[in-house]
Structures are given as structure tokens and as C-alpha cells.
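Written out below as C-alpha cells is the structure these notes cover.
The values are calculated or read from the model by the stated rules, or taken from the named source; none is laboratory data. Note that the coordinates shown come from a computational prediction; the quantities given were computed from them, not determined experimentally. For neighbour counting, all protein chains shown are included, and Cβ atoms are generated from backbone atoms with ideal geometry for every residue, glycine included.
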């Protein structure tokens, strides 16, 4: 690991957007060529993505610029995981090919990583803009008032999960310590079937050290541009499948049981979530049943825990039930796209 930071870009059939992002990166990298490497993972594009990559590899001759082209489309999350596994620097920053990033952002990231060499995770605060209307929907994803690291990374991560799960999932906002995130990918190989798996990878890193969530905004999330956002089953899957599974996995790696089960049960308390479920049930009854049955089983365990006396040993006895839930989710992976 000779470099400090790998800037990894997963892409598919968006050659012009990739070209625009690499144009920004070429400017931002000036003076930092020796500290960074670029890695682009082309998810079997059929447009002129390869031409764009080759052009910039020649133009950025002073920068280590690696690329890979998958022989088939591996899917969004698998391609992101591949970017993480391919990083060879101390830290890895995955960025979307279409996310607007301020020119000052890269220099800031490098400064912070050098100032805090033991940092395990960093989130860059960002705005959210609707892709269809162009309107600014979210002025600031994370409620942070300091750029200093929080030593108890697990506690800091819980706070931001609770307040802004959507921001946690923004690919371009997170910088991981490479060794830790690669270990997280290895420990849960089936994570790529969960569209919220970045929350687990980040949670794993946070559990092993200090975390920074920046006070200032450094980039913009283009909301509604992802193919996942355009999936009509997205709202159902994310509420009753992906997010509950994330909290079950966080429980396995030591996050507080009370916190995890509270977050799993939030769907039962929300009238909006039930409206989404019954609306989906009318359109996709089989899919809805496949998702709700394991979720209700997990929720029943959470309710049981609430009724038990606050004896830690008794609560730990229920952890294997969460493991069983995860196995059930893997068996129903055919319901996922």
C-alpha cells in the first residue's frame, strides 16, 4: 500500500458522465499525483466507456490509473464491492460517475487522512438534488457540527444511521479504511444482493475505530438518478428486506441489541410503511409475502426481547435467531434483482 487513497469509480454505459467526472478528477489531482491512484470498474458497458478510460489513462500519465472491464454486467452492488476489493491504498473512496463533487474536496480528504492516520471511516456531508426537477431537496444530509474524529466510532455511526439512513447509502460520501472494508466484504459475501449493503460495510469500519462526519458540504447527491431508485418495488424492498437485514448483520458484529431491534421494529410503528406494503401487495402479492414473512419473524423476536427482563445474558441467547433470519434471507435471494 504505497498510496494513501484509491479513488474508485464503478460505471456502466455512462461514458460522457464518466468523462466529466474524470475531467474534475484531473483538476483535483494536481499536486497529489503521488498520493493517489484511480481505479475504474466498467460493468460491461456497450457504449464508448473504454475509449474514455483509455483517453484519460494517457492524459493522466503521472497518476497510477488502473481499470477493469467485467465480461458480464455483475450488477450495481457487486461492481461497487469489486471496486473496494481492488483498492491497493490505505484508504478507498468510491465515487459515482454522475455525482457533482466540489473542486476542494479531494485536497480536504487527503489533508484529513494525513492528519488522522488511525481514522477508519469518513463521511463527507452533502446536499441532495432531485434529478428530474433540479430542485435542491436536502441542504445537508448529516447533522454534524465538527470535523474532529469521534473516538467511539460505533456510537457516532448509530447516531447518523438513526437520523439519515439515506445519506449513509450515498456512494460518493464515504471514505473507508481499505483493510477494514475489504474484511467487511469478505465476512458477508452475500451483501451484494442487498442494495443497502454499504451501510454494513461502513458500520463494520466504524466499529473498529474513529469516525469523522464533516460539518461542511463537499458534494451533491443526484437523487432519483440510480436504476435502483427507478425500480417500482424499491420502497417495499428497502423497508421490509434490505434495511432489517442490515440491522441484523450489525447486531452480529457487536452493535447494541436494543438499538438494532428498535430500528428493525420501526416498520411496525409507521403508518406510511404499512400503506406502502398493502399498496405493493395489490401489485406484487407473491413478492410481498416472500418479504413480509421473514420480516415478521424477525420482528416477533425483537418484541420478545423487549418483554424480557434487562438481563444481557438472556438477550445474547437470542442472537442465533438473527443468524437464522439471515439464512432465510439468503434462501429468498431470488426475490431480489
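Numbers below:
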quantity	calculated
The listed residue being touching a helix residue (DSSP H, G or I) at 6+ places or on another chain (Cβ under 7 Å) and surrounded by fewer than 18 Cβ atoms within 10 Å (Cβ to Cβ), out of 245, 252	252
Single residue of 202, 184 found to be assigned by TED's automatic domain parsing to the domain that holds residue 113, within 20 Å of residue 80 (Cβ to Cβ) and in contact (Cβ under 8 Å) with a residue 40 or more places away in the chain	202
Selection status of residue 158, in a helix (DSSP H, G or I), in contact with a helix residue (DSSP H, G or I) (Cβ under 8 Å, 6 or more places away or on another chain) and surrounded by fewer than 23 Cβ atoms within 10 Å (Cβ to Cβ)	yes
Unique residue being closer than 26 Å to residue 146 by Cβ and outside the structural domain of residue 168 (by TED's automatic domain parsing) when the list is 256, 244	256
Tally of residues being surrounded by fewer than 16 Cβ atoms within 10 Å (Cβ to Cβ) and in a loop (DSSP other than H, G, I, E, B) across the stretch 33-68	8
Residue in the stretch 227-236 that is crowded, with 20+ Cβ neighbours inside 10 Å, over 22 Å from residue 136 (Cα atoms) and at pLDDT below 95 present	yes
Top-ranked residue of the stretch 5-31 - restricted to ones that are within 16 Å of residue 91 (Cβ to Cβ) and in contact with a helix residue (DSSP H, G or I) (Cβ under 6 Å, 6 or more places away or on another chain), ranked as modelled with the lowest pLDDT	28
Qualifying residue in the stretch 173-183 (condition: surrounded by fewer than 22 Cβ atoms within 10 Å (Cβ to Cβ) and part of a loop (DSSP other than H, G, I, E, B))	no
Criterion (free of Cβ contacts under 8 Å to residues at least 12 places away in the same chain and over 18 Å from the mean Cα position of the chain (by Cα)) met by exactly one of 132, 110, 136	136
Residue check for residue 268: at negative phi, in contact (Cβ under 8 Å) with a residue 12 or more places away in the chain and surrounded by 15 or more Cβ atoms within 10 Å (Cβ to Cβ)	no
